1. Which value in nm describes the separation of the simple spin-label points at B:VAL217 and B:VAL6, placed 7 Å from the Cα toward the beta carbon?
2. What value, in deg cm²/dmol to 500, does the helix sum -39500 (n - 2.57) over DSSP H runs of n ≥ 4 give at 222 nm once divided by the residues of chain A?
3. May I ask for log10 I(q)/I(0) of the range A:84-299 at q = 0.08, 0.11, 0.17 Å⁻¹, from a Debye sum over the Cα atoms as equal point scatterers with solvent left out?
4. Give me B:ARG112, A:ARG128, B:ARG51, A:ARG181 ranked fewest to most by other Cβ atoms within 10 Å of their Cβ, as a rough exposure proxy.
5. Most exposed first by the Cβ proxy, i.e. fewest other Cβ within 10 Å, how do A:THR42, A:THR144 rank?
6. Could you state the orientation-averaged shadow area of the convex hull built on the Cα atoms of the range A:176-260, in nm² to one decimal?
7. Per residue of the range A:73-90, in order, report the coupling 6.51 cos²θ - 1.76 cosθ + 1.60 (Karplus, θ = phi - 60°) as ³J(HN,Hα) in whole Hz, putting x for Gly and Pro.
8. Under the √(5λ) rule applied to the eigenvalues of the Cα gyration tensor, what semi-axes describe the equivalent ellipsoid of the range A:118-231? Give them in Å, descending.
Amino acid sequence: MTVSTETRALRTQGMKKPARDGGIRESAVSRVVAMAVMIVATLYFLTPLWWLLVASSKTREDFTSTNPLWFADFALFDNIAALIEYRDGVFIRWLANSALYAGLGAFLATLIAAMAGYAIAKYSFFGRETLFNLILGGVLVPATALALPLFLLFSQTGMTNTIWAVLLPSLVSPFGVYLSRIFAAASVPNEIIEAARIDGAGEVRTFFTVATRLMAPALVTIFLFQFVGIWNNFFLPLIMLRDEELFPVTLGLYVWNTQVSQIPDIRALVVIGSLLSIIPLIVTFLALQRFWQSGLANGGLK
Amino acid sequence: MARDTVVKASKGVRHRGALAVFLLPFGVLFVLFYLVPVLYAIYQSLLTVEREGTFGPAVQVFGGLTQYIAVFQNGPFWESIGRVLLFGVVQVPIMLGVALVLALLLDSPLIRGSKFFRLAFFAPYAVPSVIAAIMWGFLYSPNLSPFTAVTSNIDLLSADAVLWSIANVVTWVYVGYNMLIIYSALLSIPQEIYEAARIDGAGQLRIAWSIKIPLVVPALVLTGIFSIIGTLQLLTEPQVFQSFSNAVTSTFTPNLTIYSTASVPNISLAAAMSVVLALTTFALSFTVLKFTQRRTAE
């Protein structure tokens, strides 16, 4: 692990050198072809987002009548205002719900997974490997497969159509345990734990004050991917929730989209709502990229 | 797999209490929201409904494998499995192929601005599947699409094309994510490995083919298995596309079939379908894993 981090550091520092080195051998043709591929790919990935931004800024009349990829009369803020006013601000309510489910859910899931992964990495106890393999098996169980039996179980306790029905299942992140174990094994030296013991710190306190800091990149990665997973989750809220007040933003926009044929005006709200619902995620990813990129690199495949 | 260096318990100090604090929260939640639902689905799938006479009250009784026999005789369910398998055979190699090529290019000295490209390709991953499907649904609709040259010639939402239109949505969202995993694997290859090849005068293409690709096979296997699981579980995109296209039926994918069966409601049959789908997924992932392991061992 340390070796690979060092190589990466060396490589990012020395990025220019191999490039110039290679320049002697790599023909201009392969450079041009390579850049052309990258530009075509960029257009493919960004054009739909560009279209969404442009479409969100148009008036209802311009939406279908002007060039879909370029701005007409700029009505972005009017559209946002219309979205917020619609049905007493139900969209804002959805955004807040998503933030609550994803924010709180991902925070607790990260903490819970980090403790379990740390314990598996740093303590020996009976059934340690069996437990870990069982959790690894959980990584392969898709969320959609669990949603239906979860609904049946929650309905027996009368807890469907509550925030718990969406929040509780999303606190479990088997992948988070896996990543935490690997990261704790690699980045929390035993000497530090032993030193903390000599200083008289309890095991739990050592985890919270020392280990969590050393495991920070992994924790950010787990948080981020769990956050995205919950924010994007659709099937679980779809079958659990009936009450519109509890919807996350994905489910709310889905329901609006199914109503477009009856209420054509709602389409403009779906477009602007889609744009607003992805901005928080893109901003979070950009802000935290330093962490998750290294977390992904170390945890992905060792 | 990580090799853990376990901290030895200092003499006389027991860590049972600490272990309980660390493991119990996850353990309890994992049992409640992973193991119990799985076992409950299996239990449900073994039940069947009996009525005394046509108008008698419905009673759930143990039915053995009755529901499984019904699953195997259920044509639409197997058609939906066939549909997603066809989808996977085409879409997964294309998606991973594109992800591999982009990762190799990002890792090569041939391009500039790799940081920008990396983020641009990854951006769609931040778009929820529901939103991605809604957005592409608009882009496919002839009256809204900026790609009128395409949409006026081909109806992308017709029965023949809609499966591949959905494949494009899935590809768009997940290429960047898979690319990042492969790219991370490429970054962890020590530079020295390339030195010898450079001295021998190998070009970038040759280095990619003979050194880089073999070393990222584990990353490809991992992304491949997760893609297979995702394909068999396909649900969100087709569910959204029902608003855009009549061709997406309520039995379009296995999960849609399960969902519509459960809302009949025929819970036991839906549970049996879920179990069959999970076993199919597991068998396929396992086969891919074994097959690729043998290939790499040779």
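1. Reported label-point gap for B:VAL217 and B:VAL6 is 3.3 nm.
2. Result for chain A: -23500 deg cm²/dmol, rounded to the nearest 500.
3. Per q value, in the given order, log10 I(q)/I(0) is -0.36, -0.63, -1.17.
4. B:ARG51, B:ARG112, A:ARG128, A:ARG181
5. A:THR42, A:THR144
6. Taking the Cα atoms of the range A:176-260, their convex hull projects to 7.8 nm² on average.
7. Going residue by residue, I get 4, 7, 10, 4, 6, 4, 5, 4, 4, 4, 5, 5, 6, 4, 6, 6, x, 4 Hz, with x marking Gly and Pro.
8. Sorted largest first and rounded, they come to 32, 15, 14 Å.
Every read-out reported here was derived from the displayed coordinates using simple, explicitly stated rules and does not represent laboratory data. All values reported here derive from a predicted model rather than from experimental measurement. Note that we place each Cβ from the backbone using ideal geometry, even for glycine, and neighbour counts take in every protein chain shown.
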